[in-house]
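Written out below as structure tokens is the structure these notes cover.
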Amino acid sequence: MDPIAEAFRQWAARWPQHADHMAAVTSVMRVQQLLLARVEDALKPYGLTFAAYEALRLLAFTRSGSLPMGKLGERLMVHPAAVTNAVGRLEQRGLARRQTSAADRRVVLAAVTDEGRALAEEATAALNRAAFGLTGLSREQAADVTGVLRAVRAVVGDIDAGDLGPGGSGGGAAG
């Protein structure tokens, strides 16, 4: 039995005008759990969580290999404490380091090391092979999912509705 389908049935009997919305949100929450587990399984051989991978990948994407800690948090869409923890764990493994900005000594930069850049490449190849956990979907289906979720993000105020143009992939560092 599909618990979400059963919840939908129960909701439809009591609050039919809200049953589809409840099922949509519950489905998104469940899919998030499933995909995070698949992604984390693909990253396990590299000793990375998805959060650590995203930070490492984002730093490796930059031309300089570094970003201010605050900017890193903004781009990863996480609380500053989460960035501090993620960078700290990467630092312990020699994958990243913190340094003071030469341009403004008040700014702390997170910088990827050569070892971190190499691990980011290996982990990215593994995630690409695993289709980021969506191995059963075609590229077109994945793009459709992204489009629907961008519309949801616009409705809830995460992005400007004007950002819903064609090819609208989005998301974190890897997106």
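Some points to look at:
- With Cα atoms, 0 to 90° folded angle of helix 114-129 axis to the chain main axis: 20 degrees
- Per-residue ellipticity at 222 nm, computed for the chain from helices alone with -39500 (n - 2.57) per DSSP H run of at least four residues, works out to -19000 deg cm²/dmol.
- Ranked from largest to smallest solvent-accessible area, with a 1.4 Å probe on the protein heavy atoms, Asp160, Asp114, Asp104 come out as Asp114, Asp160, Asp104.
- Estimated translational D of segment 34-98 in µm²/s (Stokes, Kirkwood radius over Cα pairs; 37 °C; 0.692 mPa s): 271 µm²/s
- Contact order normalised by residue count of the chain, Cα under 8 Å, 6+ apart, percent: 21 percent
- With all protein chains modelled, accessible area of Val148 [1.4 Å, Å²]: 90 Å²
- Helix 3-14 vs. the chain, principal-axis angle (Cα, 0 to 90°, nearest 10): 50 degrees
- Convex hull projection area averaged over all views, the chain, Cα basis, nm²: 12.8 nm²
- Highest-fluctuation residue, Ala120, Ala154, Ala60 considered, GNM on the chain with Cα pairs under 10 Å: Ala154
- Taking only protein heavy atoms and a 1.4 Å probe, the accessible area of the chain is 57% carbon and sulfur.
- The angle separating the long axis of helix 19-43 from the principal Cα axis of greatest extent in the chain is about 40 degrees.
- His21 contributes an accessible area of around 130 Å² to the protein surface, as traced by a 1.4 Å probe with all chains present.
- The heavy atoms of Asp41 offer some 100 square angstrom of accessible surface to a 1.4 angstrom probe.
The values are calculated or read from the model by the stated rules, or taken from the named source; none is laboratory data. Quantities reported herein were computed from a predicted structural model and do not represent experimental measurements. Protein only, heavy atoms only, side chains kept; ligands, DNA and RNA dropped before computing areas. Shrake-Rupley method; radii C 1.70, N 1.55, O 1.52, S 1.80 Å.
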